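The values are calculated or read from the model by the stated rules, or taken from the named source; none is laboratory data. None of these values were measured; they are calculated from a predicted model. When we count neighbours, we look across all protein chains shown, and the Cβ atoms used for this are built from the backbone with ideal geometry, even at glycine.
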Amino acid sequence: MAKIIGGVGTSHVPPVGAAIDSGRQGDPYWAPYFEKIQPARDWIAEARPDVCIVVYNDHASSFSLELIPTFAIGVGAKFPPADEGYGPRKVPTADGHPELAWHLAESLIFDEFDMTIANELQIDHGCTVPLSVLYDQPTEWPCKVIPLCVNVVQYPAPTGSRCFQLGQAIRRAVDAYPGDEKVVILGTGGMSHQLQGERAGLINLEFDKAFMERLVSHPDAQAEVGHAEYIREAGSEGIELVMWLVMRGALKREVKEIYRMHHVPTSNTSNGLIVLEDA
Ligand code: DHB
Ligand code: FE
């Protein structure tokens, strides 16, 4: 049976991707961040998952305001990097896992999560930056990728509670898949950040640290936190954190914390990373 061997929560800050692409990981500004993420890179190099399910939000790259799926799953064979305005990132095209992705789509839909099926999808920084965080700059991604998009761009976004339940349904689906794939699930986005308006640049370290703590120890309570609290405390883009709850829902109630880090600054965003396994 396929198996979820771990979960990673990470920010998907675009300048992190740009720093990797332009060889600036050793610059004084970036070196402390890249030193702090090394344990997660070591963990995934050891764990060697066959598949990463990357839960992220598309930032008007593949979707636009004309079409906004609440939840979408990429079932294609290839996912090229999107052109977000400066040309596509120079990262490999991700290979999908259509068989597992279709199994997930069927299982989730029969489990009453009405997924949008994306046969074609270009993956933007929401997906490619977390892959770079974990795998650096390889010529091929060392795992298959199943992108799973959550709308957190246009109100109304799904609730944290629904995202947590989606994670639980993903777990049931992977457990029922008759392959022997090792799967890691990534919940991306956040942490506190606001990119526009009066509070642009907002960072709330206390909220971010409490979020990570509750994600580990009291995920059910964290899942009940509403949109208004995320937006008030973590800024308008802090709502991206609900995607970490999808990852957490796919793990057992009790988890073993492998690694946790928090770093400011990376761009205008509070940057966190957590690596969890089932206890
Ligand atoms: C930025 C964009 C994001 O999607 C994000 O999650 C964090 C930062 C940015 O443009 O700086
Ligand atoms: Fe984002």
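Descriptive notes on the structure:
- Sole residue being out of contact with any helix residue (DSSP H, G or I) (no Cβ under 9 Å at 6 or more places or on another chain) and either small (Gly, Ala, Ser) or modelled with pLDDT of 95 or more (or both), chosen from Asn204, Asn151: Asn151
- Sub-8 Å Cβ pairs linking a first residue in segment 99-116 that is free of Cβ contacts under 8 Å to residues at least 12 places away in the same chain and among the acidic types (Asp, Glu) to a second residue that is loosely packed, with under 13 Cβ neighbours inside 10 Å and in a helix (DSSP H, G or I), at least 6 apart or interchain, number zero.
- Test: residue in segment 22-38 that is within 16 Å of ligand 1 (Cβ to nearest atom), in contact (Cβ under 8 Å) with a residue 60 or more places away in the chain and assigned to a helix (DSSP H, G or I): yes
- Taken over segment 51-64, the criterion of being out of contact with any helix residue (DSSP H, G or I) (no Cβ under 9 Å at 6 or more places or on another chain) and either without any contact (Cβ under 8 Å) to a residue 24 or more places away in the chain or more than 16 Å from ligand 2 (Cβ to nearest atom) (or both) is satisfied by Ser64 alone.
- On the stretch given as segment 1-20, residues that are modelled with pLDDT of 95 or more and in a loop (DSSP other than H, G, I, E, B) total 4.
- Single condition Tyr155 does not satisfy, out of (1) buried (at least 20 other Cβ atoms within 10 Å of the Cβ); (2) out of contact with any Leu (no Cβ under 8 Å at 6 or more places or on another chain): (1)
- When restricted to residues that are more than 16 Å from Met212 (Cβ to Cβ) and not in a loop (DSSP other than H, G, I, E, B), segment 250-265 contains 1.
- Residues in segment 180-224 that are in a strand (DSSP E or B) and within 16 Å of ligand 1 (Cβ to nearest atom) were compared, and the one that is surrounded by the most Cβ atoms within 10 Å (Cβ to Cβ) is Gly187.
- Flag for Ala157 being farther than 20 Å from Cys52 by Cβ and outside any strand (DSSP E or B): yes
- Of residues in segment 119-148 being assigned to a helix (DSSP H, G or I) and not β-branched (Val, Ile, Thr), the one farthest from Val183 (Cα to Cα): His125
- The residue that is nearest to the chain's Cα centre (by Cα), counting only those in segment 9-42 that are within 16 Å of ligand 2 (Cβ to nearest atom) and over 18 Å from Ser192 (Cβ atoms), is Gly17.
- Single residue of Leu215, Leu276, Leu245, Leu241 found to be more than 16 Å from ligand 2 (Cβ to nearest atom) and over 20 Å from Asp42 (Cα atoms): Leu215
- Selected residue [of a type in the set (D, E, K, R) and surrounded by fewer than 23 Cβ atoms within 10 Å (Cβ to Cβ)] from Asp83, Asp124: Asp83
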